[in-house]
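*Asks:* Dropping the structure in here first, questions after.
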Amino acid sequence: MKHLLLFSAMALATFAAACSSGVGGPPAPPPMGNFSAASLNGSYVFQMSGTDINGSFIARVGSFTADGKGNITAGIEDVNDGGTVNLTGSATPVVFDAAPQSTYTALANGRGTLTLHDASGTLKFSITLTSTSATSTSTGLMVETDGFATSSGSFRAQTISTTFSPAYAFDFSGLNLGTLAGLSFVGQFNTTTTTGITGGMFDENDGGSLSPQVPISPTAITIDSTYGATFGRGQTIINGRTFEFYIADGSNLAVLEEDGSGLTSGLATAQTAVPTQIAGVAGSFIFDVGGSASSGTFIGPLARAGRFDANAGAITNLFMDENFSTSVSTFPGAGGISNKTFTIDAAGSGRGTLGFTDVTSGDVFSYVFYLTSANGGFLQDTSSGVVADGSLFQQSQTLTPVSLVGNYIANWSGVNGRNAFEEDFNAQFAVSSATSNNITGVVDYTELGSNQIVTGAGVAGTFTLGTPSKVTLQAGGQTFNFHAYDISNNSILLIGTDSNHVVLGVISRQP
């Protein structure tokens with residue numbers, strides 16, 4: 001899920017939430033499945049970003065522990081709200097109270113709630129679980145539903161290891177706090193595996209101003225002496241920027257910037273067997289980016305998603321959707337594509353570039369990526385006037401009418417075109433074998449600009465396979481149209497293709 005930066009300076013001081021399911025639309029089906037409170041059991045790292053009630057960018061990372069019985073027994077977070085860190089500017093994380101103040105629920109369909117209470121108040125979230133086992137779920141999606149902010153994110157089971165991977169690729173994005181322009185970093189760093197970063201490089205996009213291949217100076221990695229052992233919290237300083245992180249496991253770190261220069265957050269993921277020749281990056285790939293773009297003096301939200309085939313450096317079968325400030329385009333046009341480029345760093349950093357020109361419009365598209373493996377990595381849009389980032393995935397499977405059938409959770413997030421404020425949706429639904437009206441489920445969502453927090457609303461719609469596949473959802477009295485790109489039978493990317501919403505999303509299969 002990639003945050004689409006918002007550009008309204010208006011405050012939502014008059015916000016009054018409507019917490020209900022009485023918003024029209026289809027009825028919600030009863031929850032069915034094998035999930036329960038026991039499905040959430042153990043420690044989890046979470047990460048979210050969005051917009052607070054005053055229109056400021058907000059991001060949080062943290063860790064909580066669930067007991068499998070509906071209680072949160074411990075938890076902390078780092079939060080950066082418009083440049084104010086941890087509510088008061090403190091370097092100390094926010095500590096959550098244990099149950100009965102902090103609790104969670106999980107229905108049979110994997111949809112539930114998470115309540116985290118601290119000295120300043122209570123945070124509430126809609127959660128959906130992607131997997132279950134005899135002991136616990138491994139991952140899930142979450143949307144804030146308390147009226148303090150509208151934000152989306154995810155959580156994953158935590159296994160704290162203070163032995164780091166030798167190398168990581170990363171993607172941190174957000175805002176330049178000085179100019180309030182979009183800010184994106186994608187890059188790679190090497191570690192000692194214990195106490196330090198030995199070097200690396202990153203590409204910076206600051207409001208459309210590009211700084212490619214900036215060297216990373218050696219620096220320390222510090223595990224928090226108070227909260228590190230229990231919650232996996234640590235810190236590193238990269239080229240003068242301070243980042244707090246939470247260890248999900250030895251291969252994945254959830255990261256938040258906490259200095260006066262920028263407010264960025266993202267992931268660092270271990271690099272393994274990164275190709276050093278372009279022939280090593282082969283197959284079909286899916287990609288998406290979200291952020292902002294400028295047209296003259298106008299700056300608006302941007303979403304792009306697409307696919308291509310790569311073979312020995314040759315790019316074929318490229319198709320891309322774009323939604324720029326609710327203006328939807330599809331590339332290539334009738335004239336096709338020219339000036340295709342595809343490169344990879346021979347030194348083993350995983351850095352590469354992708355570029356092409358749409359002949360019909362003359363639009364030039366350029367990207368830089370850092371691979372976590374031959375199967376994908378992190379992507380930064382470096383096209384003129386664009387600040388956006390996202391992911392690159394190798395397509396391992398394509399959906400069929402048979403494999404499409406099942407239960408799913410979904411999140412879509414972005415900008416509501418009618419009021420220019422963020423909206424965040426968290427859904428659970430079933431897809432049947434019917435060729436139409438084959439989606440039924442339930443959704444929770446927050447639309448601060450529309451004064452709405454809605455829980456338990458019905459979802460209905462259609463998932464139609466094709467090139468591209470299309471998804472139409474009716475939820476909360478609104479209709480959402482998407483193009484869908486299947487990474488595998490279990491993971492699908494969404495991009496909004498209507499004039500009312502600029503959104504990106506993800507669909508994940510449940511067992």
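*Asks:* Please go through segment 379-400 and give me each residue that is in a strand (DSSP E or B) and either under 15 Å from residue 506 (Cβ atoms) or not acidic (Asp, Glu) (or both), ordered by number.
*Replies:* Selection gives 379, 380, 386, 387, 388, 390, 391, 392, 393, 394.
*Asks:* Now a separate question. For segment 466-511, which positions are acidic (Asp, Glu) and either in a strand (DSSP E or B) or buried (at least 23 other Cβ atoms within 10 Å of the Cβ) (or both)?
*Replies:* Within segment 466-511, just 486 meets the criteria.
*Asks:* Now a separate question. For segment 85-116, name all the residues that are farther than 24 Å from residue 443 by Cα and either open to solvent by less than 10 Å² (accessible area, probe 1.4 Å) or of a type outside the set (A, V, I, L, M) (or both).
*Replies:* Selection gives 86, 88, 89, 90, 92, 93, 96, 97, 100, 101.
*Asks:* Of all residues in segment 259-268, which are buried (at least 24 other Cβ atoms within 10 Å of the Cβ) and either among the polar types (S, T, N, Q) or part of a loop (DSSP other than H, G, I, E, B) (or both)?
*Replies:* 264, 265 - these are the residues of segment 259-268 that are buried (at least 24 other Cβ atoms within 10 Å of the Cβ) and either among the polar types (S, T, N, Q) or part of a loop (DSSP other than H, G, I, E, B) (or both).
*Asks:* Follow-up question, since we're still on this one. Are any residues in segment 45-60 part of a strand (DSSP E or B) and closer than 16 Å to residue 143 by Cβ, and if so, which ones?
*Replies:* Once the filter is applied, which keeps residues that are part of a strand (DSSP E or B) and closer than 16 Å to residue 143 by Cβ, segment 45-60 yields 46, 47, 48, 49, 50, 51, 52, 58, 59, 60.
*Asks:* Residues in segment 286-293: is at least one open to solvent by 40 Å² or more (accessible area, probe 1.4 Å), in contact (Cβ under 8 Å) with a residue 40 or more places away in the chain, in contact with a Leu (Cβ under 8 Å, 6 or more places away or on another chain) and within 22 Å of residue 154 (Cβ to Cβ)?
*Replies:* Among the residues of segment 286-293, not one is open to solvent by 40 Å² or more (accessible area, probe 1.4 Å), in contact (Cβ under 8 Å) with a residue 40 or more places away in the chain, in contact with a Leu (Cβ under 8 Å, 6 or more places away or on another chain) and within 22 Å of residue 154 (Cβ to Cβ), which makes the answer no.
*Asks:* Which condition number does residue 168 fail, the rest of (1) part of a strand (DSSP E or B); (2) closer than 30 Å to residue 457 by Cα being met?
*Replies:* Of the numbered conditions (1) part of a strand (DSSP E or B); (2) closer than 30 Å to residue 457 by Cα, the odd one out for residue 168 is (2).
*Asks:* Restricting attention to segment 435-454, report how many residues are open to solvent by 40 Å² or more (accessible area, probe 1.4 Å) and either under 19 Å from residue 490 (Cα atoms) or at pLDDT 95 or above (or both).
*Replies:* Residues meeting the conditions: 1.
*Asks:* Would you mind listing the strands (runs of 3 or more DSSP E) fully within segment 180-256 where at least 2 residues are in contact with a helix residue (DSSP H, G or I) (Cβ under 9 Å, 6 or more places away or on another chain), closer than 25 Å to residue 91 by Cα and at pLDDT 95 or above?
*Replies:* Counting at least 2 such residues, we get 219-223, 241-249.
*Asks:* Residue 328 passes all but one of (1) of a type in the set (A, V, I, L, M); (2) touching a Pro at 6+ places or on another chain (Cβ under 6 Å); (3) open to solvent by 40 Å² or more (accessible area, probe 1.4 Å); which number fails?
*Replies:* Exception for residue 328: condition (2).
*Asks:* Quick one: which residue in 193, 219 is in contact with a strand residue (DSSP E or B) (Cβ under 9 Å, 6 or more places away or on another chain) and over 22 Å from residue 48 (Cβ atoms)?
*Replies:* The match here is 219.
*Asks:* Any idea which of 137, 193, 179 is open to solvent by 30 Å² or more (accessible area, probe 1.4 Å), in contact (Cβ under 8 Å) with a residue 12 or more places away in the chain and farther than 26 Å from residue 370 by Cα?
*Replies:* The match here is 179.
*Asks:* Tell me yes or no: at least one residue of segment 415-431 is aliphatic (A, V, I, L, M), surrounded by fewer than 24 Cβ atoms within 10 Å (Cβ to Cβ) and not in a strand (DSSP E or B). Please lay out each step first, then the result.
*Replies:* First, pick out the residues of segment 415-431 that are aliphatic (A, V, I, L, M): 415, 420, 427, 430-431.
Those still in the list that are surrounded by fewer than 24 Cβ atoms within 10 Å (Cβ to Cβ) too: 420, 430-431.
Cutting the leftovers down to not in a strand (DSSP E or B) gives us 420.
The answer is yes; a qualifying residue exists.
*Asks:* Moving to a separate point now. Take the conditions touching a residue at least 24 places away in the same chain (Cβ under 8 Å), open to solvent by less than 30 Å² (accessible area, probe 1.4 Å) and within 17 Å of residue 175 (Cβ to Cβ) and apply them to residue 301. Does it pass? Talk me through it step by step, then tell me what you get.
*Replies:* On the way: touching a residue at least 24 places away in the same chain (Cβ under 8 Å): yes; open to solvent by less than 30 Å² (accessible area, probe 1.4 Å): yes; within 17 Å of residue 175 (Cβ to Cβ): yes.
Answer is yes for this residue.
*Asks:* For segment 354-376, name all the residues that are open to solvent by less than 10 Å² (accessible area, probe 1.4 Å) and either in contact with a Gly (Cβ under 9 Å, 6 or more places away or on another chain) or farther than 21 Å from residue 316 by Cβ (or both).
*Replies:* Residues satisfying the conditions are 358, 365, 367, 368, 369, 370, 371.
*Asks:* Checking residue 129 against (1) surrounded by fewer than 17 Cβ atoms within 10 Å (Cβ to Cβ); (2) within 11 Å of residue 40 (Cα to Cα), only one condition comes out false. Which one?
*Replies:* Tallying (1) surrounded by fewer than 17 Cβ atoms within 10 Å (Cβ to Cβ); (2) within 11 Å of residue 40 (Cα to Cα), residue 129 fails exactly one: (1).
*Asks:* Let me ask you something else. Would you check which residues across segment 158-186 are under 17 Å from the mean Cα position of the chain (by Cα) and within 23 Å of residue 58 (Cα to Cα) and list them?
*Replies:* Matches in segment 158-186: 170, 171, 172, 173, 174, 175, 182, 183, 184, 185, 186.
*Asks:* Go through segment 140-157 and report how many residues are open to solvent by 20 Å² or more (accessible area, probe 1.4 Å), out of contact with any Lys or Arg (no Cβ under 8 Å at 6 or more places or on another chain) and either assigned to a loop (DSSP other than H, G, I, E, B) or more than 28 Å from residue 454 (Cα to Cα) (or both).
*Replies:* Of the residues in segment 140-157, 1 are open to solvent by 20 Å² or more (accessible area, probe 1.4 Å), out of contact with any Lys or Arg (no Cβ under 8 Å at 6 or more places or on another chain) and either assigned to a loop (DSSP other than H, G, I, E, B) or more than 28 Å from residue 454 (Cα to Cα) (or both).
*Asks:* Taking segment 456-465 as the region of interest, how many residues are out of contact with any Leu (no Cβ under 9 Å at 6 or more places or on another chain) and surrounded by fewer than 21 Cβ atoms within 10 Å (Cβ to Cβ)?
*Replies:* Residues in segment 456-465 being out of contact with any Leu (no Cβ under 9 Å at 6 or more places or on another chain) and surrounded by fewer than 21 Cβ atoms within 10 Å (Cβ to Cβ): 3 in total.
The values are calculated or read from the model by the stated rules, or taken from the named source; none is laboratory data. Since the structure is predicted, the reported quantities are computational estimates derived from the model, not experimental observations. Heads up, the Cβs are rebuilt from the backbone with ideal geometry, glycines too, and the neighbour counts pull from every protein chain shown. In case anyone asks, the SASA skips ligands and DNA or RNA and just uses the protein heavy atoms, side chains included. Shrake-Rupley method; radii C 1.70, N 1.55, O 1.52, S 1.80 Å.
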